[in-house]
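The values are calculated or read from the model by the stated rules, or taken from the named source; none is laboratory data. Model, not experiment: these values are computed from the prediction. Please note: Cβ atoms are built from the backbone with ideal geometry, for glycine as well, and neighbour counts cover all protein chains shown.
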Amino acid sequence: MFKISNLIKQNYHGFLWGLTVTAIISSLYFTGIFDKPEKILYDWRLRKNSIKETLDVPKIAIIGITDEDMQQFGHLPWPRNRYAELVNYLKEGGASVIAFDMFFDLKDSENPENDIALSEAAVNADMAIFPIWSPTVNLFRTRPTNGIYKGKISENIKLISDSSKRTAHLNVFYDSDGVARRIPLHISSTDGKKRFIPLSLAAFLESKGFEQEIELNHGNHLRIGTLTIPLDKDSCLPINYIDFEKYINLYQQNTAQWLDKIGRKKPITLYSFSDVSLQNENRLPADHFKDKLVLFGITSPGAEQDIHVTPFERKFGIFLHANILHNLLTENFILIPETHTTLSMIAGVSILLSILIFRLRLRGSTYTLLAGGILFLLVLSGIVAFTSLFLFQTANIMIEMMPFITMLLISTGACLAINLSVANKESAMREFELDMIHGKFKLSSD
């Protein structure tokens, strides 16, 4: 009968070395030494991710204020009645939600009645979302015990805040290299009385009519009704970046019919404010936005405060929100194994490799063994890279590659050291035997 104890006795040195390698990898893992190269490999997989067939989900519309719009309508801030007209227009057309990626934290400088007009339009639409933002919550790098990040909150004026169907935050977390890869799922005021979810999630819930209470399982997942959203260890949602050039259609009037047909197949379309402005005689009909999820914000290159570094390139914040909203609509989430899962896999693979190493006996010169070892390491590293890319492309699983590559490096080094040591001992033994034979031959000759 098979017994694990017998297996351990037969492969004692392999088990011991496998556990030693696991301990070394674990120690290095918690020092953060893998973080920088791991982020490079993380972004590589995002950029190499194959385009998945777009599911039959509602389309996303981005209405952006461009440089051309500001030349035509004047520089910001604009009078609020202009936004009120937009909300009424989208309500008339049957848009499912309109989420603002901009603040109204000061009263209208031209006419207070404009604030009332925007507030009334939002209340009448019953699907407008205005955001908040925390200037301090981004300073945190680890998850609080309850999964909620607390910080100072910047809000819109009360009249507009009270008219919002839902209130959501705009915060994005940046890693140590300055790249935005995740968003916090919950932030709150410092006293904890006000809690907010991301703008994209609020827009998604509004479009679906979800009113269920959000259940946050710390560091694992977010559950909303039957929908489960996986989170990272810090209770943040990793952004499964899309290739913006391939997923976003830039709307232009008088576009060739065949180009327009191709563009309509893309899940996200970018419009300029002039395309929907009341002052434009040729503006799009309101029903063009029927059932669409609309995000409204600034897309002018001069808006540096709302431009984020992504694994692809610098992008406006509104594009990130559209990206996350698309992830939610398609349920296309990144799954990151927890730390204990990663280290358990490292332990298992390390022990198996170590058993193989202590059983493997290679022959050849020192240079042959070194060349073979380097080639072996490159092949195994390639297998790790291919496997990790395959897992991400097919199942959105983002395993950490550096611990595995480091384990292979240590294991290959151990394999070479053991076999070189054995080869040297055997060579010395052969020389000794030859010397003995040569000595006996001389004695017999004498």
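Summary table below
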quantity: Qualifying positions in the stretch 84-118 - closer than 19 Å to LEU278 by Cα and touching a residue at least 60 places away in the same chain (Cβ under 8 Å); calculated: GLU85, LEU86, TYR89, LEU90, GLU92, GLY93, GLY94, ALA95, ILE98, PHE100
quantity: Matching residues in the stretch 284-330 - criterion: being of a type in the set (Gly, Ala, Ser) and touching a helix residue (DSSP H, G or I) at 6+ places or on another chain (Cβ under 8 Å); calculated: ALA286, GLY297, SER300, GLY302, GLY317, ALA322
quantity: Residue in the stretch 143-158 that is under 26 Å from ILE242 (Cα atoms), touching a helix residue (DSSP H, G or I) at 6+ places or on another chain (Cβ under 6 Å) and crowded, with 20+ Cβ neighbours inside 10 Å present; calculated: no
quantity: Residue in the stretch 284-303 that is of a type in the set (A, V, I, L, M, F, W, C), touching a Pro at 6+ places or on another chain (Cβ under 7 Å) and surrounded by 17 or more Cβ atoms within 10 Å (Cβ to Cβ) present; calculated: yes
quantity: Residue within the stretch 308-326 that is without any contact (Cβ under 8 Å) to a residue 40 or more places away in the chain, basic (Lys, Arg), closer than 21 Å to PHE173 by Cβ and not in a loop (DSSP other than H, G, I, E, B) present; calculated: yes
quantity: Single residue of the stretch 292-311 satisfying the filter (of a type in the set (A, V, I, L, M, F, W, C) and touching a Leu at 6+ places or on another chain (Cβ under 8 Å)) that is nearest to MET70 (Cα to Cα); calculated: ILE298
quantity: Any hit, the stretch 281-296, residues being of a type outside the set (A, V, I, L, M) and within 30 Å of TYR174 (Cα to Cα); calculated: yes
quantity: Candidates GLY348, GLY382, GLY364, GLY372, filtered to the one that is at pLDDT 75 or above and surrounded by 11 or more Cβ atoms within 10 Å (Cβ to Cβ); calculated: GLY348
